[in-house]
2 protein chains.
Amino acid sequence: MRYSQLFGQTIRQAPKDETTANARLLVQAGYVDKLMAGVYSYLPLGLRTLDAIADIVREEMDATGGQEVRLPMLHPKANWVATGGWDAIDILFHVPSRTGREYALGSSEEEVAAPLALARLQTVADLPLAIYQIGWKFRDELRSKSGLMRGREFLMCDMYSFHADQADFDRHYATMKDAYLRVFRRLGLTAKVTEASGGAFSDKISYEFMVVTDAGEDDILFCPACDWCVNVEIATVAAGAPCPICHDATLRAARASEVGNVFDLGEKYSRAFERPVRGASGGTVYPIMGCFGIGISRVMGVLAEICHDDRGLVWPAAVAPARVHLATLGSDAAVVAAGEDLYRQLASALGDRQVLWDDRSVSAGVKLADADLIGLPLRVVVSARTLAGGEAEVKSRDAADARRVPLSDVVSGLPGQVAR
Amino acid sequence: MRYSQLFGQTIRQAPKDETTANARLLVQAGYVDKLMAGVYSYLPLGLRTLDAIADIVREEMDATGGQEVRLPMLHPKANWVATGGWDAIDILFHVPSRTGREYALGSSEEEVAAPLALARLQTVADLPLAIYQIGWKFRDELRSKSGLMRGREFLMCDMYSFHADQADFDRHYATMKDAYLRVFRRLGLTAKVTEASGGAFSDKISYEFMVVTDAGEDDILFCPACDWCVNVEIATVAAGAPCPICHDATLRAARASEVGNVFDLGEKYSRAFERPVRGASGGTVYPIMGCFGIGISRVMGVLAEICHDDRGLVWPAAVAPARVHLATLGSDAAVVAAGEDLYRQLASALGDRQVLWDDRSVSAGVKLADADLIGLPLRVVVSARTLAGGEAEVKSRDAADARRVPLSDVVSGLPGQVAR
């Protein structure tokens, strides 16, 4: 794609109303646009990164046997009254209608997923079941100042599972823990798992997946050697103590952001909707329900917090909106022709969407600064100087130095993570 | 995929609260579940069909040069006050917040798309621009009885275009008309184009894309020989009159459903948000804005209305949730083994998602009735009787008769639209 035609180019001045790095960089680099606090439009580059994150999550949820569905956002008030959430959950939007009815705007989907699934389960033989969706949710936050990390409107992957007994929930939790850690590894993030209060959702414990970042809203103690961490709110150990799980390292204190969570909801929802199933030997069983969430838009914010330097974003290849940033410097006809030829070769090898060609008539300084700000994994520069040697200058976004490569070897010499 | 494991199986009794064929069949066949009037959950089969329709629309929008974005659903009240829509549009949900602010729940996205795009346009040289999204919208309908055809929550593809002058809008409209007609052809629908009032959106004329179906909410006169039709509300001709456009046939009266629409919004939005651009020779120009919409979930409803018989759905291959319905009849071990072998061959040739294997322990009658209800393009049956001849029975959903095919030839003999 040609940068001159792209909707959502870089903005010269960093936005003044954004206090976090993720919001400042994603707005300035043209990935998102703030409509109001906590509510963003995703521009073409931003939508590709958001979709790339969602696709990775979807693959891993499918691999666990989860079945994808799409749940409504507009919910009947009665479903939320049945569980007590209508009055208890302060971030739930209540939507009046001219029909005289009231609706809730989904902040989570238990109130829809539970009656939907349980109505289709007859006996314990139909269990377990896991359905999931990737969908938008809403929270009436009093404040929303963390860019994509705390949205009033945000994209989540939420799975709802149903089990005959606690042992089956525990087995599914173990599968899902592995799947979540695999998702975060594929995204280039190191996640830790904590235990914390289930909050308004449950009297039972919950599990939180945390990524260490100064922009996070939680204080944790984590073990650098294993997956374990603990929220300081409930910690009974201190920084410097040996890890109580692996014993291989001492705990460190850090700020962290919650990128995933799991709630063991017990029988709360099957009882609230009065939906037992038949037991194996007669009688009734109230299925145990689990909720597993990954914040897709939040993860995009966390990635921006972690994957940037003072010049701009530094995307992992797995979620970059394109792999190669081609910049032609100057308006020399030979440079433009060589650039266009290289663009065609790269687009042919990687697909047009994977190559962003900055074909604008702007200075070399602006182009190189924008390439750093946008943060694609590989930058390829063609200028009168490189062309004199029949070469292009190739530089990984996260490398200190560029190298000269003969024009005819650029495509064949692409690094593995960019070429595949 | 194995039908025994699928979430969203058929329901024996047709739902009593659905008055339209699309809602009745899509609910009974396990594609959707009604949460409340006008609001549906999409189960795995339904989500695949919805996604297939969206993918076709996306391809054609990309081919016109449209750039995909994602616009928020929660809008600031101020944007709707600026255009007068806050008070004038009766189906607009007003959402109160505990912060004291009010939001609108997007029924359409002009109020967000116009300021977003116009803020990034400096001069007429930056025009034209077309951005689009595939996103959910909300309408506070007094009644919602037409299944997926009139939703309170519905999926649309909406494109917003910006032009320096009327001639450029007209040129873009011609491109989009072709793209829309191509979308509907690929979906197996015959669409006609009408002109009608722009309604609350515009004082200027609008264009509507109509599909003839008795479940439709509009009365039109259409020409069977060309694309033209007219809404009887504004018709100055009558049924039986020669087509005023092609003169090749006489007009017929029919009920029809609007599956797409185009609004020429003129300068309304660039003036409401006071966002002119610099003209080519100085001065300012207020860009002309166009809005182009295709109802994705509505099209799914219209397809169900048109593509069914008295036994169930009859999906066009382009939007079927899978291509082959494999049914093994009886619990004979040889039948199950031959079925599993054929399932593996078909899944290997077409992909696992394209083959639905009804592996349940239910009667042959139930399996064959469910295959007709679900409506995949090709049904393949293996029973003790077919197996005696080393064969399977193969039948297209829309064919009257089945034919016997040697087991080893089923995959190589798949019809073109199923095999590709």
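There is at least one residue in segment A:281-296 that is within 30 Å of A:R420 (Cα to Cα), hydrophobic (A, V, I, L, M, F, W, C) and assigned by TED's automatic domain parsing to the domain that holds A:G135.
What pairs come up if the first residue lies in segment B:286-310 and is more than 17 Å from B:G38 (Cα to Cα) and hydroxyl-bearing (S, T, Y), the second is at pLDDT 95 or above and surrounded by fewer than 24 Cβ atoms within 10 Å (Cβ to Cβ), and their beta carbons are under 7 Å apart, counting only those six or more places apart or on different chains? These pairs meet every condition: B:Y286/B:E267; B:Y286/B:R271; B:Y286/B:P276.
A:V262 fulfils the conditions (1) surrounded by fewer than 19 Cβ atoms within 10 Å (Cβ to Cβ); (2) assigned to a strand (DSSP E or B) except for a single criterion, (1).
Which count do you get for residues in segment A:16-37 that are in a loop (DSSP other than H, G, I, E, B) and under 18 Å from B:V69 (Cβ atoms)? Qualifying residue count for the region: 3. Of everything in segment A:31-42 that's touching a residue at least 60 places away in the same chain (Cβ under 8 Å) and more than 9 Å from chain B (Cβ to nearest Cβ), which residue is nearest to A:D17 (Cα to Cα)? Only one residue fits best here, namely A:A37. Among the criteria (1) of a type in the set (A, V, I, L, M, F, W, C); (2) under 17 Å from A:A114 (Cβ atoms); (3) at pLDDT 95 or above, the one A:F263 does not fulfil is (3).
If you scan segment A:321-347, which residues turn out to be of a type outside the set (S, T, Y) and in a loop (DSSP other than H, G, I, E, B)? Of everything in segment A:321-347, those that are of a type outside the set (S, T, Y) and in a loop (DSSP other than H, G, I, E, B) turn out to be A:P321, A:A322, A:R323, A:L329, A:G330, A:D332. The sole residue among B:L221, B:L251 that is surrounded by 19 or more Cβ atoms within 10 Å (Cβ to Cβ), over 24 Å from B:M149 (Cβ atoms) and in contact with a strand residue (DSSP E or B) (Cβ under 7 Å, 6 or more places away or on another chain) is B:L251.
Here is a yes/no grid of residues against (1) under 24 Å from B:V112 (Cα atoms); (2) surrounded by fewer than 24 Cβ atoms within 10 Å (Cβ to Cβ):
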| residue | (1), (2) |
| --- | --- |
| B:A23 | no, no |
| B:V27 | no, yes |
| B:Y31 | no, no |
| B:D55 | yes, yes |
| B:D62 | yes, yes |
| B:T83 | yes, yes |
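Considering B:P321, B:P316, which residue is surrounded by fewer than 20 Cβ atoms within 10 Å (Cβ to Cβ), touching a Leu at 6+ places or on another chain (Cβ under 7 Å) and touching a residue at least 60 places away in the same chain (Cβ under 8 Å)? That would be B:P316, the only listed residue that is surrounded by fewer than 20 Cβ atoms within 10 Å (Cβ to Cβ), touching a Leu at 6+ places or on another chain (Cβ under 7 Å) and touching a residue at least 60 places away in the same chain (Cβ under 8 Å). Taken over segment A:290-323, the criterion of being small (G, A, S), in contact with a helix residue (DSSP H, G or I) (Cβ under 9 Å, 6 or more places away or on another chain) and over 24 Å from A:L356 (Cα atoms) is satisfied by A:G290, A:G295. Among the numbered conditions (1) free of Cβ contacts under 8 Å to residues at least 24 places away in the same chain; (2) over 25 Å from A:L181 (Cβ atoms); (3) within 12 Å of chain B (Cβ to nearest Cβ), the only one that A:K16 does not meet is (3). How many of the residues making up segment B:86-134 are under 24 Å from the mean Cα position of the chain (by Cα) and among the hydrophobic types (A, V, I, L, M, F, W, C)? Matching residues across segment B:86-134 total 9. The set of residues in segment A:142-158 being within 12 Å of chain B (Cβ to nearest Cβ), more than 22 Å from B:M36 (Cβ to Cβ) and not in a loop (DSSP other than H, G, I, E, B) consists of A:F154, A:L155.
Of everything in segment A:156-171 that is under 20 Å from A:G295 (Cα atoms) and of a type outside the set (D, E), the residue that is surrounded by the most Cβ atoms within 10 Å (Cβ to Cβ) is A:S161.
The values are calculated or read from the model by the stated rules, or taken from the named source; none is laboratory data. What you see is a predicted model, and the numbers here were worked out from it, not measured in a lab. Methodologically, a virtual Cβ is constructed for each residue, glycine included, from the backbone with ideal geometry; neighbour enumeration extends over all protein chains shown.
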